[in-house]
1. Quick check: anything in segment 367-375 farther than 20 Å from Ile158 by Cα and touching a residue at least 60 places away in the same chain (Cβ under 8 Å)?
2. Looking only at residues that are in contact with a Gly (Cβ under 9 Å, 6 or more places away or on another chain) and in a helix (DSSP H, G or I) in segment 2-32, which one is modelled with the highest pLDDT?
3. Which pairs turn up if I take residues in segment 407-428 that are of a type in the set (S, T, N, Q) and look for partners that are in a helix (DSSP H, G or I) and buried (at least 17 other Cβ atoms within 10 Å of the Cβ) with beta carbon separation below 9 Å, at least 6 apart in sequence or on another chain?
4. List the residue pairs whose Cβ atoms are under 8 Å apart, where the first residue sits in segment 12-28 and is in the same structural domain as Lys129 (by TED's automatic domain parsing), the second is among the polar types (S, T, N, Q) and surrounded by 21 or more Cβ atoms within 10 Å (Cβ to Cβ), and the two are 6 or more positions apart or on different chains.
5. Evaluate segment 336-348: report whether one residue or more is under 26 Å from Thr234 (Cβ atoms) and surrounded by fewer than 23 Cβ atoms within 10 Å (Cβ to Cβ).
6. Out of Arg371, Arg305, Arg340, which single residue is more than 27 Å from Ser195 (Cα to Cα), at pLDDT 90 or above and over 23 Å from the mean Cα position of the chain (by Cα)?
7. Whether any residue in segment 359-381 is within 24 Å of Ser134 (Cβ to Cβ), in a helix (DSSP H, G or I) and of a type in the set (Ser, Thr, Tyr) is what I want to check.
8. Against the condition under 24 Å from Lys138 (Cα atoms) and of a type in the set (A, V, I, L, M, F, W, C), how does Ala99 come out, does it pass?
Amino acid sequence: MNMMSPNQANQGGRVLIVEDDTAMSVMVKEMLVPRGIEIVIADLKRDIIEQVDAADVDVVLTDLRMPGLDGNVVCERVSQARPDVPVIVMTGFGSLASAVAALRAGAWDFVTKPIDQAPFIAALTRAVKHRHLSVEVKRLRKTNGGDVGEIGGTSEGIHRVRELVAQVADLDVPVLVTGEPGTGKELVARALHRSSRRAEGPFVVVHCAAVPAEHLEEQLFGERGAWAQSAGGTLFIDEIGELPKPLQPKLLQALQERTRASLAASSSPATGTKVPRPDGVVVATDKDLEDLIHEGAFREDLASRLNVVHVHLPPLRARGDDLLRLAQRFVSEAATRMQRPVQGLSPTAAAALSAYPWPGNVRELQNAMERAVALAKYENIGVDDLPEKVTRPQRPSPMPAPELLSLDEVERRHVVGVFEAMGGNRRKTTEVLGIDPKTLYRKLLSWGITSRHE
C-alpha cells in the first residue's frame with residue numbers, strides 16, 4: 001500500500017512559522033487555517049532545518065528580527081539545505097534595504113508588517129504552489145513522466161477511454177473516435193488494434209483531408225486500396241467528416257455488405273466484388289457529425305452505422321496532472337533523441353505550461369517540448385525556452401454587454417452545455433443534472449437535439 005506524504009495529504013500546504021511574537025503567530029494562523037493551510041509553530045530553541053525536515057513543510061514564514069535569531073540567517077540556512085522550500089520574510093521595518101538583504105540571503109518573497117491580508121495570502125499561495133510544482137517536477141524527472149500509457153495520461157477521462165478500448169477492441173463493429181485536433185485520436189485507433197485479436201494483422205491509415213477527392217475512391221476501394229490492404233487487420237479512416245458525399249454510400253455499402261464497391265459502376269452503389277475485408281474499422285473526426293448531417297454534408301445513415309461505439313477524447317486542458325506528466329515524457333524522449341543533457345522542467349516553466357490553455361492539445365505540447373529541449377541552455381527547461389505564446393499573458397477579451405435571457409433559454413443553454421460536456425451521453429447527463437431520463441429526452445426533443453448514445 002502506497003503511503004501519502006504529509007504535504008500530499010494536505011493540498012492546501014503546510015507552513016512553518018518562525019516568530020517570537022505569539023500574538024503575530026496566532027493572527028497568521030487565523031488567516032491561513034480557514035484557507036486549508038496547516039500551520040506549524042517553530043521552536044526557536046531547536047534547529048530550524050531539523051524542524052523543516054521533520055514537519056515536511058511547503059513554506060517557511062519567518063520574522064526578520066527576533067531575540068537570538070536573525071531572519072536572514074534562517075533564509076540562508078533553508079536556501080542552502082532545502083532550496084526546494086521557499087522562505088517568506090516578515091519585516092516590520094519596511095525599508096528597501098532590509099527587503100534587499102532578505103532576498104540576497106535567499107528569501108523567496110517578503111511581506112511587511114502590519115500585514116495586509118490580501119497580498120499576504122497571495123504571496124503564501126504562490127509559494128505553496130511553487131513548492132508543490134518543485135516536488136512534482138522532481139518526481140516526474142525521476143520517473144520520466146510516470147506511467148502515462150500508450151494513449152498518454154492517467155487522468156480520469158483517459159482512464160475511461162482505456163477502459164472502453166479494452167472493452168470493445170475485439171468487437172466486430174465500427175468505432176467512432178472524436179476529440180479536438182491534437183488529442184491523440186490515431187493513438188486510440190492503434191490501441192484498439194493492438195488490444196484486439198487482429199493485432200498481428202495490418203493497420204492501414206487513410207487521411208480523408210490529405211487525399212485529393214478524385215483519388216480518394218481509388219485509395220479506399222481500389223484493387224490495392226486500403227479496404228483490401230487492411231484485410232485481417234484494422235482500417236483507420238481519419239477525418240471522416242471530410243469524406244466526399246459521393247463516396248459515402250459506397251462506404252456504407254462496404255460496411256453493411258462487406259464488399260468493395262466497383263469503380264466501374266455508376267454513381268449509385270452497386271454490388272461490389274467480394275474481397276477480404278478489414279476485421280476492424282475505426283473512424284475519427286474533430287467535427288460534429290450531427291452538424292454535418294444538418295448541413296447536408298454527411299449522410300445520417302452512414303453516421304449511425306459508424307457510431308456503434310463512440311470514444312471521446314477530452315482536451316488536454318481538462319486532463320489535470322496529465323499535462324506535466326506528458327511534458328516530462330516528451331522532454332525525456334526529445335533529449336534522448338537529440339542527445340542533449342536536458343533533465344526536465346523548472347518549477348516556473350511548469351507553472352507556465354499549467355496556465356496555458358493548449359488549443360493544439362497533446363500535439364502542440366509535444367512540439368513545444370521538442371523546441372524547448374533544442375533551445376535549453378541548462379539541464380532544466382526555463383520559461384525563456386518555451387514558445388512565446390505559451391509564456392505571454394493571455395489578453396482578456398473585451399467584456400460583452402450583458403445578455404438578457406429568459407428562464408427557458410437559461411435552462412436550455414445549461415442542459416445543452418452539460419449534454420455536450422458528457423459527449424452526448426444521456427445517462428451521464430441525467431446523473432449530472434439530477435433529472436429523469438424521460439424529462440431529458442423530452443427537453444432535447446423539443447429543442448431539436450438528438451441524443452448521440454446511451
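The values are calculated or read from the model by the stated rules, or taken from the named source; none is laboratory data. Here the structure is a predicted model, which means the values were calculated and not measured. For neighbour counting, all protein chains shown are included, and Cβ atoms are generated from backbone atoms with ideal geometry for every residue, glycine included.
1. Start the filter on segment 367-375 by keeping residues that are farther than 20 Å from Ile158 by Cα, which leaves 367-375.
From the residues that got through so far, the ones that are touching a residue at least 60 places away in the same chain (Cβ under 8 Å) too are none.
No, segment 367-375 has no match at all.
2. Leu32
3. Once the first residue is of a type in the set (S, T, N, Q) and sits in segment 407-428, its partners that are in a helix (DSSP H, G or I) and buried (at least 17 other Cβ atoms within 10 Å of the Cβ) give Asn425/Phe419.
4. Pairs found: Ile17/Thr62; Val18/Thr62; Glu19/Thr62.
5. Taking segment 336-348 and keeping what is under 26 Å from Thr234 (Cβ atoms), we get none.
Scanning segment 336-348 turns up no residue that is under 26 Å from Thr234 (Cβ atoms) and surrounded by fewer than 23 Cβ atoms within 10 Å (Cβ to Cβ).
6. Working: Arg371 fails: over 23 Å from the mean Cα position of the chain (by Cα); Arg305 fails: more than 27 Å from Ser195 (Cα to Cα).
So the residue among Arg371, Arg305, Arg340 that is more than 27 Å from Ser195 (Cα to Cα), at pLDDT 90 or above and over 23 Å from the mean Cα position of the chain (by Cα) is Arg340.
7. no
8. In short, no.
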